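The block underneath contains the structure these notes are about, expressed in C-alpha cells.
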Amino acid sequence: MTGICGIFNPEGINTEYHPDNLLLDSQYQSKFEDGMISAHLISYENSHQPAQVGDSDYYIMALGDIYGYRKTNSEYISKQDECENMSDSEFCAILFEKYGLEFYEDLNSEFVIAVYNQKNKELYLVTDRLGSWPIYTYEKEGDILFSTNLQDLARQKQVNTKIIPEYLQFYTSYGYVPGIRTPLKNIDQLPPGSISTLNSESKDSQSYWEPEYTPEDRDPEKTSKILHNLITQILKDRLNSDQDVGMLLSGGSDSRLLLQAMPFSVDCYHMNDWKNQEYKTAKKVSELTNNDFIFLKRKSSYHEDLLERYAALHEFISEFHQAHAGGFDQILREETDVLVTGLYADTFLKGHFLPTRSINTPLGPVDFPLLKNITDIDDFVECESRRSNGFVRSEKTVQEIIKLETKRTPDGIEYFGVEYPSLESLILSKNFYPLTNQPDSLFQQNLHQLQRTHFPMIDNRLVDFALTIPFSELLKNPPVNRALSQNAPDIASFPHPETGVSLKKPFYFHYLSKYIGYLKEKFSESEYPERYYTDSAWRDTSGYIRESNLVEQKLHEHDTLLSESSYLCKEEILGAEEKHSNGEDLSSELYRILSILEMPLLSELNQKPE
C-alpha cells in the first residue's frame, strides 16, 4: 500500500515502526531515521525522499502528487512546466527556501507532507486542504506514531487501543465517522487543511484553509465556459504525451467532459458486470473521441474478492465493495503509467454536497436534497440525527453524540473536531471537509494503492470555483452537463444511462429518475442475464445479497467473534440479514458489518493486552 508512517520522539525513540502490513513487492520504500525519528514512505515511484532544504536542518518527505503553486494574487506556477524532473519533496524544498515553512499553504495538490527540523527536534505534519490523504496519530510515553493507514497504525505492537462503540455506531448507521474522530480509542485523524507541530512540549494543529461559500451572480453560460477552461488547464498541468494514460470512463457526464478535454488520446477503461446501457454509452463516447476502449468485466465473485483482498485497507469509511477498481489492479498497473477519474464531480459540481433528509419509500430510505433554512445548532442536530440501526451497543445515542460534538467556538463552530467558520459553512462542507466524510473516499484510497491517479475534480482551482456557484444553478442544470453540451454536443446527446434522462434536464429530474429506475428494477420482471444486473455501472447490491450467500456465509464464519463481542449486537445483525432476505433493503448496513468483521485489526484487538 502507498502511504507514509513512522515514529517520532524528540527525546529519542524507544521502539520501531514496522510497516510490514503496508509493503507490496511492486512498491518502493524510502526510509529516514536519526534517533529521534524513523519515517517510511511507500510508493510506486522510486523518488528522492527525503529532500534536504538547502544546507539547513530541515528535511521533507512528500506523499501524493503536487501539481503547482500559487501565492495570493500571483501567477499560478505549474510544477510540470517549471520543475517536471524534480520529485515532489525536492520541489517542496525549493519552495521552503523561497517562502519559508508556510510554503504548504499555497500548494495545489493531494498530499501529506512531513517536515523534520533536526536542530529544534520538531516534526511538522501537513495535510492538504481537503485532507484527501488522511493521517492518524497515537501517543505513548513520549513516542508519537503516525500513519496514513488506520489499521496499520492500530496493529503496531506498542499501540494500546480498543473500539469506541459510540463512534462505531456512526459507521454502521452513516457509513463513516464524522469529522476527524475514529472508532479507535486514543487514535485521531489530523484535521484537513492543517499543520500539526509535534515537539517535546505539545502536539498542536493549526488550520490554514477553510471552505467558504461565496456565490456569485454569473450568467450560467459563463460558468460553464470557465469550468471547461479550468478542466482543460488542469489536465494539461497533470499529463504529458510520454505517459500511457488510462481514463476510467463511465457513461456519465463527468468522465465524458474530462475525456473531451484531454490534450491527447488515452485508453478508456470501463468497469461493468455486462454489456448494458452504460457500457454501450461509454463505448460510443470512446469511439466518437477516437480513443481506445477496454472493457473490464467483473467476475460474479467480484464482491467476495474485494472483501478478502482489501480488508486491511478499510478505515471505517463506506462499504468494502466501493473499492471498485481493486479487481483490476494487475491490468491497470501493467497497461498504464497514470489513471484519471472524474471522482468527486458529483460532490462539487452537481449539488450532492447539499444537506439531505431521509424519507421512507417502497425502496427503503431515500435521501432528498434539503433546502430548509437551518438557523441554529438544534435544527442542525435534528436534521443530522438518524436512528441507529442497533448493530452496536452504545451508552449514548447518535443524536446525543452529535449534540456533544457540535459546539460554538470563538472562531465559528466545531463539529467532531473540525473547525468551520459558520453554521452555513458546516452545513455545506461537512461532507467534503474532510474528504474522508465522503463515501467515495474508499474508492480514492483504493486507486492510490494500485496506480498513480489524478483527481482533477479536487484541484484547488476547481474547488474554489465550485464554491462560487449558486445552489440554484447546480439544481437547475449542473455546469458539468452544460459545459459538455457547449463543447461536445455529439457526446452530450446520449442520455444518462442510469436515468435515461437528457443531460439538459435539471439536477432534481436526474435525482428523482434514478430512484424511479431503482423502483422499476425492484418490482418489474428483469430481462437481464442476472437478476442483480442493472443498466448502470454497478450491480444491485441488495439483489446480489439475496442471490448469493455472501452475507450469510460471512456471518456464520465470524460467529465466534460476534458472540464474544461486547459492542456488536449479534441478534440485531442476524435480524437485519433476515429482514433483508424478506424484502427490506439493508444492503449498505450489512456490507458495513462485513467490512468490520473482515478487518485484520478486529481479531488482533482481542489478543492485545490492555
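The values are calculated or read from the model by the stated rules, or taken from the named source; none is laboratory data. All values derive from a computational prediction rather than experimental measurement. Note that we place each Cβ from the backbone using ideal geometry, even for glycine, and neighbour counts take in every protein chain shown. Keep in mind that these areas ignore ligands, DNA and RNA; they rest on the heavy atoms of the full protein, side chains included. Shrake-Rupley method; radii C 1.70, N 1.55, O 1.52, S 1.80 Å.
Of the cross-linked pairs 350/579; 119/185; 31/407; 225/297; 275/350, those separated by over 29 Å at the C-alpha level are 350/579; 119/185; 31/407; 225/297. Computed from backbone phi, the HN-Hα couplings of the stretch 117-124 come to 9, 5, 5, 8, 6, 10, 10, 10 Hz, rounded to whole numbers (Karplus: 6.51 cos²θ - 1.76 cosθ + 1.60, θ = phi - 60°; Gly and Pro given as x).
How high is the relative contact order of the chain, in percent, counting Cα pairs under 8 Å that sit 6 or more residues apart?
Values: 1124 pairs, mean separation 91.6, N = 610.
Averaging sequence separation for qualifying contacts and normalising by length gives 15 percent for the chain.
Each listed q (0.13, 0.14, 0.19, 0.20 Å⁻¹) maps to a log10 I(q)/I(0) for the stretch 541-610, found by the Debye formula over equal Cα scatterers with no solvent: -0.37, -0.43, -0.74, -0.81.
Only Cα sites of the stretch 62-174 enter the Debye sum here, all with the same form factor; the resulting log10 I(q)/I(0) across q = 0.20, 0.23 1/Å is -1.11, -1.32, listed in q order. Remark: spin-label model distance residue 564-residue 226 equals 5.9 nm, labels positioned 7 Å along the Cα→Cβ axis.
For the chain, the mean residue ellipticity at 222 nm estimated from helices alone is -10000 deg cm²/dmol, where every DSSP H run of n ≥ 4 contributes -39500 (n - 2.57) and the total is divided by all residues, rounded to the nearest 500. For the pair residue 201 and residue 99, the difference between a 0.36 nm per residue extended length and the Cα-Cα distance amounts to 34.1 nm. 3J(HN,Hα) along the stretch 554-562, derived from phi through the Karplus expression 6.51 cos²θ - 1.76 cosθ + 1.60 where θ = phi - 60°, amounts to 6, 5, 5, 4, 9, 4, 4, 4, 5 Hz, with x in place of Gly and Pro.
To the nearest 10, the accessible area of residue 557 is 100 Å² with a 1.4 Å probe.
What number, in percent, do you get for the relative contact order of the stretch 1-157 if the mean sequence gap of Cα pairs under 8 Å and at least 6 apart is divided by its residue count?
Relative contact order of the stretch 1-157: 24 percent.
With r as the distance between the Cβ atoms of residue 290 and residue 409 and R0 = 56 Å, compute the FRET efficiency 1/(1 + (r/R0)^6) and round to 0.05. It comes out at approximately 0.55. For semi-axes √(5λ) of the Cα gyration tensor in Å, one of [x] 50, 33, 17; [y] 47, 32, 26; [z] 35, 31, 25 was computed from the structure I shared and the rest are decoys. Which label? Only one listed value fits the structure, namely [z]. Relative contact order of the stretch 180-270: 18 percent, from C-alpha pairs under 8 Å at least 6 residues apart in sequence. Put a dot 7 Å past the Cα of residue 29, heading toward its Cβ, do the same for residue 81, and the two dots end up 4.0 nm apart. Put simply, the amide H of residue 182, placed in the peptide plane, has neighbours under 5 Å in 189, leaving out anything fewer than 5 places away on its chain. Working from label points 7 Å from Cα in the Cα-to-Cβ sense, the residue 11 to residue 604 distance is 2.7 nm. Measuring between their Cα centroids, the stretch 300-324 and the stretch 525-577 lie 13 Å from each other. Annotation: amide H-H contacts under 5 Å for residue 338 (H modelled 1.01 Å from N, sequence separation of 5 or more, or interchain): 244, 246. The solvent-accessible area of residue 419, taken with every protein chain present and a 1.4 Å probe, is close to 60 Å².
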